[in-house]
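> Pasting a structure below so you can have a look.
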């Protein structure tokens, strides 16, 4: 049986039937704005090898803006303004999807294009629809090629980088592994351009020390994310029970080669709804709690009004809100009340709620069944 090694972990098809591979703009497009066709053909051959071994692969592909900028003659790789980026994406996406269809087709594989926006994966119903489409395409033997729909995304409602998109796609697809192919071979304890920088082969827990190693620059100038976005992607993936590797794509056949990289080990796989909550990038409001409530939440309790000290934001019942304690973020969950009602209940005992609301109250501000700890 073929095994696929990500860092120190093995992914045989039997235990890792699905893998998401993210390819950055700097790997797919050369400095002149042309597709690196030979390198991409090697990726397609790798995917075909994995498909024959029984593994299903989805691809999150950057490159539309870079390709479109060349065709339209736009400055700064099409990133001089939001309008330029949208125009470049609309033009480049056609070329990008055609290229993927050709290189995958040459290996007997069918490409399927999926363009998504942030709202498609943040709204629960749309998320489930996207997950169903991904699942069916993979079952049919197609290779989904996914990108953010940059032609309509705005600065306020977008992923902003395909690292985090890849992590969310892996969650939606039920994948066990994500590989971020980039122009760097993993995480270093400082900017790798600095003398003495040490490569980190494995991360078992993303804490402040690990986050502090990140650099938010994009070395190529084409992409939109640096190491900061990759660590954020790793946080989303690992909290959903998905392993994530950062590996260099500056080699031929990177999916079959053995090279140095960093793997972020997954946490215990969460229930689907809670994993979706933990991986969200946006919330409608924030609920502040005291130290006692924070401790109760960490032990698996629901959030009661007596431990809530403040709220911010305009949200309705059922919206996703963040919960923050004295030391920072604790959890995300679905609000059982709208903001105005929750404001009236802050700090009040449960036996006071009916008189304050005028109806029989719910059991908690945010129930533990609809909450995901961070």
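The values are calculated or read from the model by the stated rules, or taken from the named source; none is laboratory data. All of these numbers come straight from a predicted model, not from anything done at the bench. Positions of Cβ are backbone-derived with ideal geometry, glycine not excepted, and every protein chain shown enters the neighbour counts.
> Does residue 112 fit the bill of being in the same structural domain as residue 237 (by TED's automatic domain parsing), part of a loop (DSSP other than H, G, I, E, B), closer than 21 Å to residue 94 by Cβ and in contact (Cβ under 8 Å) with a residue 12 or more places away in the chain?
For residue 112, the condition - in the same structural domain as residue 237 (by TED's automatic domain parsing), part of a loop (DSSP other than H, G, I, E, B), closer than 21 Å to residue 94 by Cβ and in contact (Cβ under 8 Å) with a residue 12 or more places away in the chain - is not met.
> Out of 185, 215, I need the residue that is touching a strand residue (DSSP E or B) at 6+ places or on another chain (Cβ under 9 Å), surrounded by 15 or more Cβ atoms within 10 Å (Cβ to Cβ) and either at pLDDT below 90 or farther than 23 Å from residue 29 by Cα (or both). Which one? Talk me through it step by step, then tell me what you get.
Working: 185 fails: either at pLDDT below 90 or farther than 23 Å from residue 29 by Cα (or both).
Answer to the check: 215.
> Which one of these does residue 313 not meet: (1) closer than 21 Å to residue 279 by Cα; (2) free of Cβ contacts under 8 Å to residues at least 40 places away in the same chain; (3) in contact with a helix residue (DSSP H, G or I) (Cβ under 7 Å, 6 or more places away or on another chain); (4) surrounded by 15 or more Cβ atoms within 10 Å (Cβ to Cβ)?
Of everything listed in (1) closer than 21 Å to residue 279 by Cα; (2) free of Cβ contacts under 8 Å to residues at least 40 places away in the same chain; (3) in contact with a helix residue (DSSP H, G or I) (Cβ under 7 Å, 6 or more places away or on another chain); (4) surrounded by 15 or more Cβ atoms within 10 Å (Cβ to Cβ), residue 313 misses just condition (4).
> Let me ask another. Restricting the search to segment 34-68, which residues are surrounded by fewer than 23 Cβ atoms within 10 Å (Cβ to Cβ) and free of Cβ contacts under 8 Å to residues at least 60 places away in the same chain?
34, 36, 38, 52, 53, 54, 55
So that you can scan it fast, the table gives a plain yes or no per residue for (1) in contact with a helix residue (DSSP H, G or I) (Cβ under 8 Å, 6 or more places away or on another chain); (2) at pLDDT below 90:
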{"site": "82", "(1), (2)": "no, yes"}
{"site": "113", "(1), (2)": "yes, no"}
{"site": "119", "(1), (2)": "yes, yes"}
{"site": "133", "(1), (2)": "no, no"}
{"site": "139", "(1), (2)": "no, no"}
{"site": "154", "(1), (2)": "yes, yes"}
{"site": "169", "(1), (2)": "yes, no"}
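> Can you tell me which residues in segment 316-338 are surrounded by 15 or more Cβ atoms within 10 Å (Cβ to Cβ) and not in a loop (DSSP other than H, G, I, E, B)?
320, 321, 322, 323, 324, 325, 330, 331, 332, 333, 334
> Being under 21 Å from residue 43 (Cβ atoms) and either without any contact (Cβ under 8 Å) to a residue 60 or more places away in the chain or in a loop (DSSP other than H, G, I, E, B) (or both) is the filter here, so list the residues in segment 74-95 that pass it.
92, 93, 94
> Of the residues that make up segment 287-303, is at least one free of Cβ contacts under 8 Å to residues at least 40 places away in the same chain, touching a helix residue (DSSP H, G or I) at 6+ places or on another chain (Cβ under 9 Å), surrounded by fewer than 17 Cβ atoms within 10 Å (Cβ to Cβ) and not in a helix (DSSP H, G or I)?
There is at least one residue in segment 287-303 that is free of Cβ contacts under 8 Å to residues at least 40 places away in the same chain, touching a helix residue (DSSP H, G or I) at 6+ places or on another chain (Cβ under 9 Å), surrounded by fewer than 17 Cβ atoms within 10 Å (Cβ to Cβ) and not in a helix (DSSP H, G or I).
> Do the conditions hold for residue 71, that is, is it in the same structural domain as residue 144 (by TED's automatic domain parsing) and touching a residue at least 40 places away in the same chain (Cβ under 8 Å)?
Criteria not met by residue 71.
> Still on this structure, I have one more. It is to be established whether one or more residues within segment 344-365 are more than 29 Å from residue 173 (Cβ to Cβ), in a strand (DSSP E or B) and not assigned by TED's automatic domain parsing to the domain that holds residue 233.
First, the residues of segment 344-365 that are more than 29 Å from residue 173 (Cβ to Cβ): 344-365.
Still in the running and in a strand (DSSP E or B): none.
No - not one qualifying residue is present in segment 344-365.
> Let me ask something additional. Every residue in segment 225-248 that is closer than 15 Å to residue 210 by Cα and in a loop (DSSP other than H, G, I, E, B), please.
226
This table checks each residue for (1) within 23 Å of residue 254 (Cβ to Cβ); (2) under 21 Å from the mean Cα position of the chain (by Cα).
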| site | (1), (2) |
| --- | --- |
| 81 | no, no |
| 88 | no, no |
| 92 | yes, no |
| 121 | no, yes |
| 128 | no, yes |
| 135 | no, yes |
| 142 | yes, no |
